[in-house]
Amino acid sequence: MEAQEKPKSSDGGERTADDLEAVFDVPVRISAVLGRTKMPVSQLLEMDAGSVVELDRQVGEAIDIYVNSRLVARGEIVLVEDKLGITMTEIIKAG
């Protein structure tokens, strides 16, 4: 098995976090998708406060995490103080 070669910077040395400094301030949109469903508009219009929308996921199943509409990870919902958060449990490799 061959060792994977590390990326090189323009000066020939190995890349470091400093080489990426130019993109650190680029905003990205992160979305956590709990699940999906399809329903006719008529059913949507009948919904009211307290209505339940059934999603295509089971309780405890990982949620999808997207960055700029690209699936990058899966994770679980966690409670951080009084706010919801996400802990990543799986990183999706670009393929």
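Taking other residues whose beta carbon is less than 15 angstrom from the beta carbon of Val53, and scoring Lys, Arg as +1 and Asp, Glu as -1, yields -1.
Once C-alpha pairs closer than 8 Å and six or more residues apart are averaged by separation and normalised to the residue number of the chain, the relative contact order reads 20 percent. Once the 1.4 Å probe is applied to the protein heavy atoms, the chain comes out at 93 Å² accessible per residue. Fully extending the segment from Glu14 to Ala94 would add 26.7 nm, taking 0.36 nm per residue of separation and subtracting the current Cα-Cα distance. Computed over the chain with a Gaussian network model linking Cα atoms closer than 10 Å, the most mobile of Ser51, Ser69, Ser31 is Ser51. Length gained on full extension, Phe24 to Gln43, computed as 0.36 nm times the residue gap minus the Cα-Cα distance: 2.5 nm. Using heavy atoms of the protein chains and a probe of 1.4 Å, the accessible area assigned to Leu44 is about 100 Å². With all protein chains in place and a 1.4 Å probe, the accessible surface of the chain carries 52 percent carbon and sulfur.
The values are calculated or read from the model by the stated rules, or taken from the named source; none is laboratory data. Here the structure is a predicted model, which means the values were calculated and not measured. With ideal geometry, Cβ positions are generated from the backbone for all residues, glycine too; neighbour counts draw on all protein chains shown. Calculation scope for accessible area: heavy atoms of the full protein, side chains included, ligands and nucleic acids excluded. Shrake-Rupley method; radii C 1.70, N 1.55, O 1.52, S 1.80 Å.
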